[in-house]
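Structure record follows, encoded as structure tokens.
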Amino acid sequence: MNRLILAVAALGLVLGSVSLSQGGPILIGAPFELTGDQAAFGTIELDAVRFANELRPTVLGRSVEIVAVDTASSASESSNVTQRLIDQGVVALVGWCCSRGAIPAAEVAQAAGVVSISVTSTNPQTTLVGEGDPRGSFSFRVDFIDPQQGGAGADFVFNTLGGRRVLVVRQIGDAYSFGLTEFFTNRFIQLGGEVNIQDVNEGQTDFSAQVAALQAFNPDVVYSSAFPPQSGPFIRQARDGGYTGPFAGGDAILSQQTVDLAGADAILTAEGTANVFATSPVGAADVGSPEAQAFLQAWQARFGDNPDPFETLGFDAYNVVIQAIENIGPAFNERSLAEQRVAIRDALLATENFPGASGSITFVDTDGTPRNRVLGVFRMDLDAEGKLVSGGLGTLVATAGG
Amino acid sequence: MTLAQFLQQTINGLSLGSLYALLAIGYSMVYGILRLINFAHGEIFMLGAFFAFYTFTFTGLPWWVAMLVSMVLTAGAGLLLERLAYRPLRDSPRTTVLITAIAISFLLQNAGQMIFGAQPKPFAPPSLLLKPLQFELAGNRIFLRWTGVLVPIITLALLYLLTLLVQRTRIGKAMRAVAQDTEVARMMGINVNFVVAITFVVGSALAAAGGVMWGMTFRNIQPLMGIFPGIKAFIAAVVGGIGSLPGAMLGGYLLGLAEVWLVALLSLFQSNAFTLTTYRDVLVFAILILILLFRPHGIIGEGTAEKV
């Protein structure tokens with residue numbers, strides 16, 4: 001009997017400490033791809049979230065603490081670390097450059113009733129995991145989605161590059177790559193083009209099989225939906241195999257890592273202009289709003305270079321969540337953790353024209369994918385040292401949407 | 001397939017086969033002497049590539065010097081591996097040593113990711129070798145790389161030196177003796193430990209050469225790069241007849257050519273719905289299983305009589 005009383009008392013202490021902890025820092029989980037083949041994006045997006053946290057370290061009189069973890073670019077590891085963060089008591093999750101980890105994590109967060117906001121996952125499924133849940137969806141993103149990106153890519157390849165036969169590089173086991181390939185291919189065939197899909201594996205170094213297929217198919221343009229550790233060497237080996245035409249791809253190839261692995265001579269034509277193009281969210285410099293300008297100046301003052309779109313969106317993802325908490329008001333601090341998590345979701349869904357560095361963000365009447373995001377087509381121009389110009393962006397050659 | 005394409009793919013296949021052959025010899029030599037399948041051999045190959053990478057990144061030495069430095073360093077790593085992990089288990093059951101080899105393989109993969117970083121690194125071959133080698137043949141353009149021509153030449157030179165070592169020197173004779181019967185060789189006054197050490201040194205140095213040339217051919221290296229080439233070279237050694245040096249060479253070239261030819265052939269018959277080239281490993285290994293069904297001891301292997 002004594003033991004039972006002790007146990008009840010201990011339980012009371014534990015519960016009491018939970019309500020006491022509401023005076024402590026607000027925890028935001030930040031699961032990002034810090035190792036593995038998506039690390040080039042995950043690491044810079046986490047840096048941007050941390051930078052946003054530096055600029056806005058408190059909300060409702062409490063400090064905000066970023067709890068960063070590595071998803072290792074793996075779908076299963078992403079679910080695991082997400083569950084761990086939820087158990088640690090984070091009020092919301094801001095993370096994921098990529099759909100491979102974002103989709104399974106969004107499912108975990110949905111089941112737990114915690115907001116997950118993905119920075120640059122573009123597969124539509126990421127914000128559809130809550131379909132049919134009577135509590136409503138808890139998954140959000142700040143980027144555009146792949147039907148837009150794949151469609152714009154196909155239009156650009158067909159109309160601007162004049163491609164009619166396209167070889168598409170697809171990465172096995174990756175949700176982003178398969179989704180983007182499907183949306184690109186459907187649109188491109190609809191336009192009247194012909195497509196040949198080649199699959200590559202994560203960690204593959206020898207692409208002679210795919211290059212042989214390329215030589216046999218003889219395409220006008222090669223479109224890659226694979227990540228830089230695969231796309232870079234593929235571009236290299238395609239050039240070594242005699243392919244001289246343009247490359248195009250989604251936002252996953254727009255990285256210095258692609259350039260380094262391919263070699264500058266594989267990116268540039270003999271005349272010295274880049275012959276590789278990527279669709280991507282536009283950077284703050286091309287948004288032009290006062291908020292974008294302020295972000296640009298703060299970033300340049302802190303890091304001495306220009307932010308790229310992934311960093312800009314990482315910055316916005318953090319701020320849109322903090323703004324939602326701010327909008328809930330002081331009542332937020334009185335609530336239980338579960339209620340806080342739902343309140344953040346409700347406040348996010350009420351977000352209209354939030355002035356982000358990447359443009360305005362609206363979640364009202366959406367499934368968690370913001371309306372009217374602007375997409376740019378970038379030419380991956382290099383400076384004399386072989387670095388992508390404009391702080392890792394290249395040159396904006398076209399925009400779509402908005 | 002045009003004649004030009006065939007010729008081009010044949011040279012690519014010889015180049016890939018050379019790399020498999022260099023690795024397969026390491027498996028075969030160690031198996032011949034210790035009856036051990038050294039599953040960490042793929043990671044030795046990876047170390048070879050990284051040693052060369054850091055040598056020419058930090059010292060700017062010419063590539064062939066970097067390759068020699070890497071061969072020496074990797075031979076040292078192989079020696080250390082034998083001394084620390086395998087020699088203490090020399091008299092243990094075979095499975096114990098086999099499990100140790102697998103553990104060492106995982107250990108080196110993960111240590112590599114921690115020390116070198118998990119991201120692939122661009123591996124820059126000398127600019128001379130970067131120049132494409134293009135010419136017309138019967139109206140068709142052939143695109144080759146100088147590396148593709150150089151790799152088989154360097155490999156054949158190394159294999160010739162290895163044959164001299166095994167056939168013409170005292171240590172080679174000792175190696176053959178230990179491979180035939182360790183106990184009798186020991187009774188005849190052969191220092192078995194020394195012979196085993198030399199086997200690891202030679203096998204690791206050849207793997208390092210393979211790793212460096214792999215990097216030059218495919219232009220990027222990463223800590224897990226040894227896994228697939230390692231497994232394939234092991235299979236090449238088995239198909240050729242494990243324990244036999246000519247068998248390992250033959251197996252390596254056979255596997256390289258089969259892969260590349262098959263892929264070139266498959267790429268002619270594919271549609272969007274079905275990308276055949278992805279099945280390259282499935283088909284290549286199906287062929288290899290067939291070979292083993294008809295020649296269980298490999299192409300050159302002769303039942304129980306095994307040579308180094």
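The values are calculated or read from the model by the stated rules, or taken from the named source; none is laboratory data. No experiment lies behind these values; they were computed from the predicted model shown. Virtual Cβ from ideal backbone geometry, glycine too; neighbours counted across all protein chains shown. Note: accessible area is taken over every heavy atom of the protein model, side chains too, but ligands, DNA and RNA are not part of it. Shrake-Rupley method; radii C 1.70, N 1.55, O 1.52, S 1.80 Å.
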Look at A:Phe178 and say whether it is at pLDDT 90 or above, in contact with an Asp or Glu (Cβ under 9 Å, 6 or more places away or on another chain) and part of a helix (DSSP H, G or I). no
Verdict on A:Asn275 being in contact (Cβ under 8 Å) with a residue 24 or more places away in the chain, under 25 Å from B:Gln5 (Cβ atoms) and away from chain B (no Cβ under 14 Å): yes
How about the range B:80-104: which of its residues are closer than 20 Å to B:Gly230 by Cα, open to solvent by less than 70 Å² (accessible area, probe 1.4 Å) and aliphatic (A, V, I, L, M)? B:Leu81, B:Ala85, B:Val97, B:Leu98, B:Ala101, B:Ile102, B:Ala103, B:Ile104
Here the residues within the range B:266-297 that are facing chain A (nearest Cβ under 9 Å) and modelled with pLDDT of 75 or more are B:Leu266, B:Arg280
Go over the candidates A:Asp87, A:Asp47 one by one and state the one that is free of Cβ contacts under 8 Å to residues at least 24 places away in the same chain and more than 14 Å from chain B (Cβ to nearest Cβ). A:Asp87
For the range A:1-119, which strands (runs of 3 or more DSSP E) that fit wholly inside it have 2 or more residues that are within 15 Å of the chain's Cα centre (by Cα) and modelled with pLDDT of 95 or more? A:26-32, A:92-95, A:115-118
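Name the single residue, out of those in the range A:197-226 being of a type in the set (Val, Ile, Thr), within 18 Å of B:Phe218 (Cα to Cα) and more than 7 Å from every other protein chain (Cβ to nearest Cβ), that is surrounded by the fewest Cβ atoms within 10 Å (Cβ to Cβ).
Among those that are of a type in the set (Val, Ile, Thr), within 18 Å of B:Phe218 (Cα to Cα) and more than 7 Å from every other protein chain (Cβ to nearest Cβ), it is A:Val200.
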Does the range A:150-173 hold any residues that are away from every other protein chain (no Cβ under 14 Å), open to solvent by less than 20 Å² (accessible area, probe 1.4 Å) and not in a helix (DSSP H, G or I), and which are they? A:Gly163
The range B:1-56, subset within 13 Å of chain A (Cβ to nearest Cβ), of a type in the set (Ser, Thr, Tyr) and out of contact with any Phe, Trp or Tyr (no Cβ under 8 Å at 6 or more places or on another chain), residue surrounded by the most Cβ atoms within 10 Å (Cβ to Cβ): B:Ser15
Select from the range A:248-267 the residues that are among the polar types (S, T, N, Q) and open to solvent by 10 Å² or more (accessible area, probe 1.4 Å) and write down the one among them that is nearest to the other protein chains (Cβ to nearest Cβ). A:Gln257
Helices (runs of 4 or more DSSP H) fully within the range A:288-402 counting 2 or more residues that are open to solvent by less than 10 Å² (accessible area, probe 1.4 Å), farther than 30 Å from A:Gln256 by Cα and at pLDDT 90 or above: A:309-328, A:337-349
Of all residues in the range A:174-196 being open to solvent by 40 Å² or more (accessible area, probe 1.4 Å) and of a type in the set (D, E, K, R), which is farthest from A:Gly250 (Cα to Cα)? A:Glu194
Open to solvent by 50 Å² or more (accessible area, probe 1.4 Å) and in a strand (DSSP E or B), is that true of B:Gln167? no
It is to be established whether one or more residues within the range A:234-247 are more than 22 Å from A:Glu182 (Cα to Cα), at pLDDT below 90, outside any loop (DSSP other than H, G, I, E, B) and open to solvent by 30 Å² or more (accessible area, probe 1.4 Å). no
Given (1) without any contact (Cβ under 8 Å) to a residue 24 or more places away in the chain; (2) surrounded by 19 or more Cβ atoms within 10 Å (Cβ to Cβ), number of the condition B:Ser204 does not satisfy: (1)
How many residues does the range A:339-363 contain that are closer than 20 Å to A:Gly61 by Cα and small (Gly, Ala, Ser)? 2
